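The values are calculated or read from the model by the stated rules, or taken from the named source; none is laboratory data. Because the structure is predicted, anything quoted here is derived from the model rather than measured. For neighbour counting, all protein chains shown are included, and Cβ atoms are generated from backbone atoms with ideal geometry for every residue, glycine included. Quick note on the areas: whole protein, heavy atoms, side chains included, nothing else; ligands and nucleic acids left out. Shrake-Rupley method; radii C 1.70, N 1.55, O 1.52, S 1.80 Å.
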Amino acid sequence: AGLGGYLLWRDVRRELDLAEIRSQFAASVSHELKTPLTSIRMFAETVRLGRVKDEAARDEYVDPIINESERLSRLLNNVLDVSKIEQGKKLYRPRPQALAPILRAAVRTMDYPLRQQGFSLDLAIGEGLPDVSVDADALEQALLNLLGNAIKYSGAAREIGLELMREGPWAVIRVTDHGVGIPPGERQRIFERFYRVPSPENRQVPGTGLGLALVAHFAREHGGRLAGESQPGRGSAFALYLPLEAEP
């Protein structure tokens, strides 16, 4: 009887925890959708009402519309990817290719939010790396998640590093920030879907808790791994390891 009662309590506790996680996730997604949609509407209405007279000023209103639209696309892609993974329907289409152009594409996509928030990004690309078999679109989405996290959790710091290098049989992409960091006891859980570190700093930062879980899944499906290092108050570094193509 005691064991049966415990198992029942455990199942109920698990369901309640899951319900709470889903509720928090729904609230987070709603908040993350609302903010860019409000910005898009505000800037678009300003342009439509003819309040922007010259072309240079018009660009200042169009650029945020494009940026917020891209932000919405990243969020929706994350949600769709989680759904596909849970259903076992997430497919990757890897092919051998150079990684440097994919990194540069991700940097171009993040250029506007980086500049708007006063960040400098140090891009370092090692020479002579052989091709890697990856799904380019999925890798770019993974990089956008890592860079987006670095922006969110940088605190007052305004420097982010993005590095591509070789370590033995691996191509390594490392994203580094100098922000709030992660407490030691939380580092194993940050790769779980929907999980967010319950700290005062994080409560001020919008997020869904999907980014790192999706990057880790991408890495595993490509025969690699995602590793993280962090010190509270000093920042974090996340390294994406991908197997290099066999050299002739």
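Here is how the numbers come out for the structure above:
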{"read-out": "Enumeration of residues in the stretch 32-41 that are open to solvent by 90 Å² or more (accessible area, probe 1.4 Å) and either touching a Pro at 6+ places or on another chain (Cβ under 7 Å) or under 10 Å from residue 68 (Cβ atoms) (or both)", "value": "37, 41"}
{"read-out": "Those residues of the stretch 95-121 which are more than 21 Å from residue 211 (Cβ to Cβ), of a type outside the set (Gly, Ala, Ser) and in contact with a strand residue (DSSP E or B) (Cβ under 6 Å, 6 or more places away or on another chain), in sequence order", "value": "96"}
{"read-out": "Unmet criterion (only one of (1) closer than 30 Å to residue 156 by Cα; (2) of a type outside the set (Asp, Glu); (3) assigned to a strand (DSSP E or B)) for residue 96", "value": "(1)"}
{"read-out": "Residues satisfying the stated conditions in the stretch 210-248, i.e. crowded, with 20+ Cβ neighbours inside 10 Å, assigned to a loop (DSSP other than H, G, I, E, B) and modelled with pLDDT under 95", "value": "210"}
{"read-out": "Among residues of the stretch 54-70, those that are open to solvent by 50 Å² or more (accessible area, probe 1.4 Å), hydrophobic (A, V, I, L, M, F, W, C) and modelled with pLDDT under 80, counted", "value": "1"}
